[in-house]
Amino acid sequence: MYGKIRLCDMRPGESGHVFSVSEESGISGRLRDLGLVKGTMVECVMKSPLGDPTAYFIRGALIALRCDDAKYILIERLG
């Protein structure tokens, strides 16, 4: 299914490109430092047993983000 969703709403196996990072986040600069800029490919790899944090494959690295931070990232889903 295609469309725009928040990063925290991705399920394992889904991937997409970063569409935007909200400036409302107190860590938007840090998210950009991790490579989460417009056009970056992101794949949801796995969720922890309790659902938070979630591991994402971003620019060759596996990065875990909590939903409180991932909700500020809008993804254009590919599949």
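The values are calculated or read from the model by the stated rules, or taken from the named source; none is laboratory data. This is a predicted model, so every value here is computed, not measured. All Cβ positions, even for glycine, are placed from backbone atoms using ideal geometry, and neighbour counts span all protein chains on display. Heads up: the accessible areas ignore ligands, DNA and RNA and are worked out on the full protein's heavy atoms, side chains in. Shrake-Rupley method; radii C 1.70, N 1.55, O 1.52, S 1.80 Å.
Observations on the model:
- Residues that are within 18 Å of residue 77 (Cβ to Cβ), touching a Phe, Trp or Tyr at 6+ places or on another chain (Cβ under 7 Å), in contact (Cβ under 8 Å) with a residue 12 or more places away in the chain and not in a loop (DSSP other than H, G, I, E, B) are absent from the range 49-62 altogether.
- Test: residue in the range 31-41 that is of a type in the set (Asp, Glu) and open to solvent by less than 30 Å² (accessible area, probe 1.4 Å): no
- Qualifying residues in the range 1-16 (those that are open to solvent by less than 20 Å² (accessible area, probe 1.4 Å) and part of a loop (DSSP other than H, G, I, E, B)) - the one farthest from residue 43 (Cα to Cα): 10
- Count of the range 59-73 residues, restricted to those that are of a type in the set (A, V, I, L, M, F, W, C) and surrounded by fewer than 17 Cβ atoms within 10 Å (Cβ to Cβ), is 4.
- Pairs with Cβ under 7 Å, 6+ apart, first in the range 1-27 and within 12 Å of residue 70 (Cα to Cα), second basic (Lys, Arg): 5/77; 6/71; 8/71; 18/38; 20/38; 21/32
- Members of the range 42-52 that are surrounded by fewer than 16 Cβ atoms within 10 Å (Cβ to Cβ) and acidic (Asp, Glu): 52
- Of the numbered criteria (1) more than 18 Å from residue 5 (Cα to Cα); (2) crowded, with 16+ Cβ neighbours inside 10 Å; (3) not acidic (Asp, Glu), the one residue 28 fails is (1).
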